[in-house]
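Before any comments, here is the structure.
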Amino acid sequence: MSSLMVCAVWITYQAHEMAMDALHFGVHRSFTIARFHYENIDLEMMSQGFAPSYSDAELEDIENEVAPLAWDLS
C-alpha cells in the first residue's frame with residue numbers, strides 16, 4: 001500500500017473511533033443524568049434498548065412519545 005492510502009485508511013479509522021467515543025460519551029452522560037435527576041425512570045429497561053421486533057410505525061410512536069422527555073434530558 002502507498003503511504004497516501006495508509007494515511008487515508010488511518011484517517012477513516014480515527015474518524016470512526018472519534019464518532020464511537022462521542023456516541024459512548026453521550027449515552028453514558030444520558031444515563032448519568034437520568035440516574036441523578038429523575039426518580040421514576042427504569043434504568044434497566046432503558047439499558048435494554050429497542051427490541052428488533054418493533055415495526056417502523058411502533059418505533060415512530062415511541063419516538064413521538066419520548067421526544068419531549070429526551071429534549072428535556074438533553
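The values are calculated or read from the model by the stated rules, or taken from the named source; none is laboratory data. No experiment lies behind these values; they were computed from the predicted model shown. Methodologically, a virtual Cβ is constructed for each residue, glycine included, from the backbone with ideal geometry; neighbour enumeration extends over all protein chains shown. Only protein heavy atoms, including side chains, enter the accessible area calculation; ligands, DNA and RNA are left aside. Shrake-Rupley method; radii C 1.70, N 1.55, O 1.52, S 1.80 Å.
At a glance:
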item: Residues of region 21-41 satisfying the condition of being open to solvent by 100 Å² or more (accessible area, probe 1.4 Å) and either assigned to a helix (DSSP H, G or I) or closer than 12 Å to Ser74 by Cα (or both); result: Leu23, His24, Phe25, His28, Arg29, Arg35, Phe36, His37
item: Residue in region 11-20 that is under 18 Å from Glu63 (Cβ atoms), surrounded by 10 or more Cβ atoms within 10 Å (Cβ to Cβ) and not hydroxyl-bearing (Ser, Thr, Tyr) present; result: no
item: Only one of Glu60, Glu44 that is assigned to a helix (DSSP H, G or I) and either surrounded by 10 or more Cβ atoms within 10 Å (Cβ to Cβ) or in contact with a strand residue (DSSP E or B) (Cβ under 8 Å, 6 or more places away or on another chain) (or both); result: Glu60
item: Filtered residue count, region 47-56, keeping only those that are open to solvent by less than 80 Å² (accessible area, probe 1.4 Å) and in a helix (DSSP H, G or I); result: 1
item: Residue pairs meeting the criteria (Cβ under 7 Å; at least 6 apart or on separate chains; first touching a residue at least 40 places away in the same chain (Cβ under 8 Å), in region 21-40; second surrounded by 10 or more Cβ atoms within 10 Å (Cβ to Cβ)); result: Ser30/Leu73; Ile33/Leu73
item: Matching residues in region 63-74 - criterion: being assigned to a helix (DSSP H, G or I) and either at positive phi or open to solvent by 100 Å² or more (accessible area, probe 1.4 Å) (or both); result: Glu63, Glu65, Leu69, Trp71, Asp72
